[in-house]
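Take a look at the structure below.
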Amino acid sequence: MKQLVTILVIAITIGITSCKKPAGEGGNSSIKGNVWGQNWNSTFTILTGEGPAINTDVFIIYGNETSYGDKISTSPDGTFEFRYLRPGSYKVYVYSKTLTSTNPNGKVAVSVDVEITKKKQTVDVGRITVNI
């Protein structure tokens, strides 16, 4: 009987520790990219300037979560990197000014869906262009 209980405890312990962990922090993969900002006139008809979006907030959503799990600011060259992620699905987004009247705060999220498929993987989402 003692052996059966011991085997059962070991089996449960192995089962719990071997479960697949969801997307999020705690791994050794990363997602990186660059945010490019465009300045437009008030009617969004004339581009008045563009360049790296410096000190711009970039957000990440882990898996099927409904709100962001982390945010970072871009560096002086517009780059960002979320590190220490586990394999899984992610959404990276940045807010961009918009002229649409349906959005009361005048901003819309520009997002990129990302999939990390293995450990020690770095996924580059490339350039995300926003109106600043």
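The values are calculated or read from the model by the stated rules, or taken from the named source; none is laboratory data. Please read these numbers as outputs of a predicted model, since none were measured by experiment. A quick note on method: Cβ atoms are made from the backbone with ideal geometry, for glycine too, and the neighbour counts reach across all protein chains shown.
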Does S89 qualify as being surrounded by 14 or more Cβ atoms within 10 Å (Cβ to Cβ), modelled with pLDDT of 95 or more and assigned to a loop (DSSP other than H, G, I, E, B)?
-> no
Criterion: touching a Phe, Trp or Tyr at 6+ places or on another chain (Cβ under 8 Å), on the phi > 0 side of the Ramachandran plot and at pLDDT 90 or above - qualifying residue of G27, G63 = G63
Selection count where residues are assigned to a loop (DSSP other than H, G, I, E, B) and surrounded by fewer than 16 Cβ atoms within 10 Å (Cβ to Cβ), scope segment 114-132 = 5
Can S73 be described as among the polar types (S, T, N, Q) and at pLDDT 95 or above?
-> yes
Would it be correct to say that Y84 is part of a strand (DSSP E or B), over 18 Å from N34 (Cβ atoms) and of a type outside the set (D, E, K, R)?
-> yes
Looking across segment 64-99 at residues that are of a type in the set (S, T, Y) and under 10 Å from the mean Cα position of the chain (by Cα), the single one that is farthest from T43 (Cα to Cα) is S89
Output the qualifying pairs, or none if there are none: Cβ atoms under 7 angstrom, residues six or more apart or on different chains, first residue in segment 56-71 and more than 16 Å from V35 (Cβ to Cβ), second residue among the hydrophobic types (A, V, I, L, M, F, W, C).
-> Y62/A23; G63/A23; G69/I60; G69/I61
Boolean, S111 is without any contact (Cβ under 8 Å) to a residue 24 or more places away in the chain and either over 10 Å from the mean Cα position of the chain (by Cα) or in a loop (DSSP other than H, G, I, E, B) (or both) = no
What is the number of the single condition among (1) in contact with a Phe, Trp or Tyr (Cβ under 8 Å, 6 or more places away or on another chain); (2) not in a strand (DSSP E or B) that N103 does not meet?
-> (1)
With (1) out of contact with any Lys or Arg (no Cβ under 8 Å at 6 or more places or on another chain); (2) of a type in the set (K, R); (3) exposed (fewer than 15 other Cβ atoms within 10 Å of the Cβ) as the list, and K21 as the residue in question, which single condition is left unmet?
-> (1)
Exactly one of (1) among the hydroxyl-bearing types (S, T, Y); (2) surrounded by 15 or more Cβ atoms within 10 Å (Cβ to Cβ); (3) within 19 Å of P22 (Cβ to Cβ) is unmet by T66. Its number?
-> (2)
Quick one: in segment 69-79, of everything that is of a type in the set (S, T, Y) and not in a loop (DSSP other than H, G, I, E, B), which residue is surrounded by the most Cβ atoms within 10 Å (Cβ to Cβ)?
-> T79
Would you check if there is a residue in segment 42-63 being under 16 Å from the mean Cα position of the chain (by Cα), in a strand (DSSP E or B) and surrounded by fewer than 17 Cβ atoms within 10 Å (Cβ to Cβ)?
-> yes
